[in-house]
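Have a look at the structure below, then the notes.
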Amino acid sequence: MRTKTDFEPLLVAFLCHWCAYTGADFAGSAGIKYPASVRIVRVMCTGRVDPLFVLKAFREGADGVLVSGCHPGDCHYVDGNIKAMRREPLLAAMLEQLGIERERFQLVWVSASEGEKFARVVTEMTDTLRELGPLNLKGGEQLG
Amino acid sequence: MPERIGVYVCHCGSNIAATVDVRQVVEQAAKWDSVVVARDYKYMCSAPGRELVIKDIRELNLTGVVVASCSPRMHEAMFRGVLEEAGLNGYLLEIANIREQCAWVSLPGAGATAKAVALTRAAVKKARLNQPIWEREIPVNQATLVVGGGIAGIQAALQVANAGYLVYLVEREPYIGGHMAQFDKTFITLDCATCILTPKLAGVERHPNIRLMTCSEVVQVDGYVGNFRVRVKTSPRYIHEASCTGCGACERACVLWDSIPAEFDEGLGRRGAVYVPFPQAVPLKARVDGKNCLYLTTGNCRRTCVTACQRGAIDFDQKETVSEIAVGSIIIATGFDVFDPGVEPRWGYGRYENVITGMQFERMSNASGPTLGKILLADGTEPRRVAVVHCVGSRSKKYHRHCSRVCCLSSLKFAHLVREKTGAEVFEFYTDLNIFGKQYDEFYHRVREEGVHFIRARGTEVTEIDGQLAVCAEDVELGVYREIPVDMVILNTALIPRHDAEKVSRLFGISRSSDGFFMESHMKLDPVTTFMNGIYLAGCCQSPKDIPDSVAQGAAAAAQALSVIARGKVSLSPVTARVTEELCSGCRICLRTCPFQAISFDQAAGTAEINEAVCKGCGCCSAACPAGAIDITHYGTGQLLAQIEGVCGNEDKD
Ligand SMILES: Cc1cc2nc3c(=O)[nH]c(=O)nc-3n(C[C@H](O)[C@H](O)[C@H](O)COP(=O)(O)OP(=O)(O)OC[C@H]3O[C@@H](n4cnc5c(N)ncnc54)[C@H](O)[C@@H]3O)c2cc1C
Ligand code: FES
């Protein structure tokens, strides 16, 4: 079991191809630094993020999950991000039932030009996760 | 057959290798299940790097390839081609983004290597599940849509039309030409803007391949590169264009003649409720302004215009129309707005009558403008001292961070014109002189020699001291505070994104940069295309620029559209949804989820059915399906779950 000392939280980020993933690339081109414990998985749209993926990430050892995509109105598939937004509170409530704190799951809009914002969001979230400490799932095997 | 995967880790010179221990990534990868070869190379994208992959595919019978390198947004398409060259389907490629999303964002020694290993592992895990899929080829429509008839859009339209293809040019105003049509002279040659623009305007009007749609705006865009369907709304002009000769008799007869501030003259001149925008307007047709016309607003007017028009061209029954057009490419050239200096009292705009904007100066200096080209104060006399204030709203933390790029030069142009026309003393209040173009520096020295004063100023403020207009500022070079009495102030205001840029970007599905202008695919290497295939940018809608650069970008956008036409067909992504009929319970939740109506219900089978030609592969249906009956090619649930295992670094599962 992991402890709070020397704790580097693992943050899995699901990013939509068009906005957030491009924004994350932008952070890279601009050389903005953020914690190496952030791991990105590309999806075409935030609407693709099945609750199953989030559960799976927690089960695999993620201490936090970020879903990030186009700002409302900017989704390349009309309203996939709105679908993700509608799902968020339900999923968060479900995670809380499983003992996963609300702060461990976030949905944030990042546009293709917001590299700086992306770096800020993941840095802040990593700090929050560091405060919370490692996620030690009880009965984690039932997830996902 | 068991999977046989090759892993190739790129140093990218020192771009990756300086932060990531590439050897260690290769050593780890070599241990993973199904990895039959793992190598590193200085530049994977170079010819020898690509050869390495091709040779391995052939000799080791690889069934999948993982390249750990820069973002897939850079080289995914190219590496797919490499696989195809070796006889492997391009979608058996997976890229691990260890440059933009690892090496470049991590401090050395801070876990970057572990991250690169994790990202590469995720790619291998996904690659094992990748399936060959094929792009669909669809013929392209040869027509092109150009949105915005400024100089950039005009250039693009003419170039595509001259190549022999149909162009729809959609312009919101009743005339084309954009801002350039309003200018007097253009820097640095000081040739008359109208004289060099008119031949282009006439070229558009007379071109057999150009359908010019004025008073029009795009209201809906569907489809994809090669096959866009666009709806264009045209507001009524209340004029039969075929009958109108633009003689202006209606305007002079209008009961509101000379009483409405004319937009084209930046409010310095007045027009009637029916008017011809300017003498060289294309098309040279009158327009009834529905917001001000007495008859249209109150139903109560003598309609003197109707009596005055000898050709019976006025038609108050015209209605708004919506037309649908089909095009293969779209060029967006909607230009810029100018900053309103009235928002900040220190510029004195709206407070002192002899404080004007650069655009107003252009109209004043123009021979067919409201003062017939004379530079005049509000009282009708000529100024003896004139100040030009640079960077009004540009390069400012409060308003617009960006440099508007053309203002230094247009300010020099104003100074020259004022001196030439009035002999007045001119003071330029600048912050920095950004003078960059061909022969621009020579022009600057010429204007300096004409006796213009240059003051490097900070905190410039326009005020009145004892009834005398004055410009006050800190003179940075002399280190003193100066108050300079003047008769006229010209505020050179920022070029800013159009007020409706957000709406337009959403309509076409394109992105905007942090300054609010439309975003190009790559700032250096792809300044014309957008992230939306088949949609290109030209002119100031992408970033402020001068006329030569706008024309060059217009031509470049035309070349993009022409290359789509020349190819004759486009490839559509094979990433689409698929239904597993045995799992589908027929609940139809997916039908409501699909934003493109790509899913229908097969009554006989009782299951959902995907129209792959319409599906864009977003995957919303897959996430919503309670039975897990819908999957997405290349981004399948199994593939994504494997990737999640990979990034979380659970090696024991390998
Ligand atoms: C005061 C001033 C002086 C200048 N002087 C010079 C000079 O001397 N030399 C020089 O090289 N450059 C000069 N410039 C820069 C020059 O104005 C630009 O380079 C040029 O106008 C850019 O052309 P454009 O076609 O991109 O944009 P615009 O001229 O803005 O044209 C855009 C067109 O698109 C239309 N449009 C906008 N939105 C829509 C929509 N949604 N649907 C349909 N149509 C739409 C507009 O009505 C307009 O006709 C000056 C700029 C300013 C502000
Ligand atoms: S495409 Fe970015 S959220 Fe839908």
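Taken together, the values in this text are just the output of simple stated rules run on the coordinates, not laboratory data. Treat the numbers as computed from the prediction; the structure is a model and nothing was measured. Using ideal geometry, Cβ is built from the backbone for each residue, glycine included, and neighbour counts are taken over all protein chains shown.
So here's what we get for this one:
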quantity: Order of B:356, B:98 under a 10 Å beta carbon neighbour criterion, fewest first; calculated: B:356, B:98
quantity: DSSP bridge orientation in the protein assembly as shown - percent antiparallel, rounded to nearest 5; calculated: 45 percent
quantity: 27 Å Cα-Cα threshold exceeded, pairs from B:398/B:503; B:319/B:545; B:285/B:413; B:397/B:524; A:117/B:524; B:31/B:115; calculated: B:319/B:545; B:285/B:413
quantity: The range B:1-152: C-alpha gyration tensor shape, a/c 1.5 cut-off, then a/b vs b/c; calculated: oblate
quantity: Packing rank of B:451-463, B:357-369, where each peptide gets the mean count of other beta carbons within 10 Å, highest leading; calculated: B:357-369, B:451-463
quantity: Chain lengthening between residue B:55 and residue B:231 when straightened (0.36 nm per residue, less Cα-Cα); calculated: 58.3 nm
quantity: Average partner coverage of B:66-72, which counts Cβ from other chains inside 10 Å; calculated: 2
quantity: Inter-label distance for residue A:93 and residue B:377, nm, one decimal - labels placed 7 Å from Cα along Cα-to-Cβ; calculated: 7.2 nm
quantity: Cα shape, the protein assembly as shown, gyration tensor, a/c 1.5 rule; calculated: prolate
quantity: GluC sites (Glu not before Pro) restricted to DSSP loop in the range B:252-327 with at most 16 other C-beta within 10 Å; calculated: B:263, B:320
quantity: The range B:5-135 - percent relative contact order, Cα under 8 Å, separation 6 or more; calculated: 31 percent
quantity: Estimated D of the range B:340-496 in µm² per second, where Rh is the Kirkwood radius over Cα pairs and Stokes-Einstein applies at 37 °C, 0.692 mPa s; calculated: 210 µm²/s
quantity: Gaussian network model of chain A, springs between alpha carbon atoms under 10 Å - residue of A:11, A:91, A:52 with greatest fluctuation; calculated: A:52
quantity: Overall form of the range B:275-357 per C-alpha gyration tensor (a/c, 1.5; a/b vs b/c); calculated: oblate
quantity: Kirkwood Rh, angstrom, the range B:234-332 [1 / mean 1/r, Cα pairs]; calculated: 14.4 Å
quantity: Per-residue mean of C-beta atoms belonging to partner chains within 10 Å, peptide A:103-115; calculated: 2
quantity: Built amide H within the under 5 Å cut-off of residue A:14, gap 5+; calculated: A:41, A:66, A:67, A:68
quantity: Taking chain B and dividing mean pair separation by its residue count, relative contact order in percent (alpha carbons under 8 Å, at least six apart); calculated: 13 percent
quantity: Value at 222 nm in deg cm²/dmol, rounded to 500, when DSSP H runs of n ≥ 4 in the protein assembly as shown each add -39,500 (n - 2.57); calculated: -9000 deg cm²/dmol
quantity: Antiparallel bridges, percent of DSSP beta bridges restricted to chain B (to nearest 5); calculated: 50 percent
quantity: Furthest towards positive pole of dipole, B:155, B:167, B:197, structure part the range B:129-285, Cβ charges; calculated: B:167
quantity: Per-residue mean of C-beta atoms belonging to partner chains within 10 Å, peptide A:59-70; calculated: 2
quantity: Inter-site label distance for residue B:207 and residue A:71 at 7 Å from Cα along Cβ, in nm; calculated: 3.4 nm
quantity: Separation of the residue B:478 and residue B:397 label points, Cα + 7 Å toward Cβ, nm; calculated: 2.8 nm
quantity: Under the span-like rule (Cα at least 18 Å along the axis, Kyte-Doolittle mean at least -0.5), DSSP H helices of chain B; calculated: B:47-60, B:112-129, B:193-206, B:407-422, B:547-567
quantity: Ranked by how many other beta carbons lie within 10 Å on average, peptides B:192-205, A:55-68, B:606-619 from highest; calculated: A:55-68, B:606-619, B:192-205
quantity: Burial ordering of A:15, B:60, fewest other beta-carbon atoms within 10 Å first; calculated: B:60, A:15
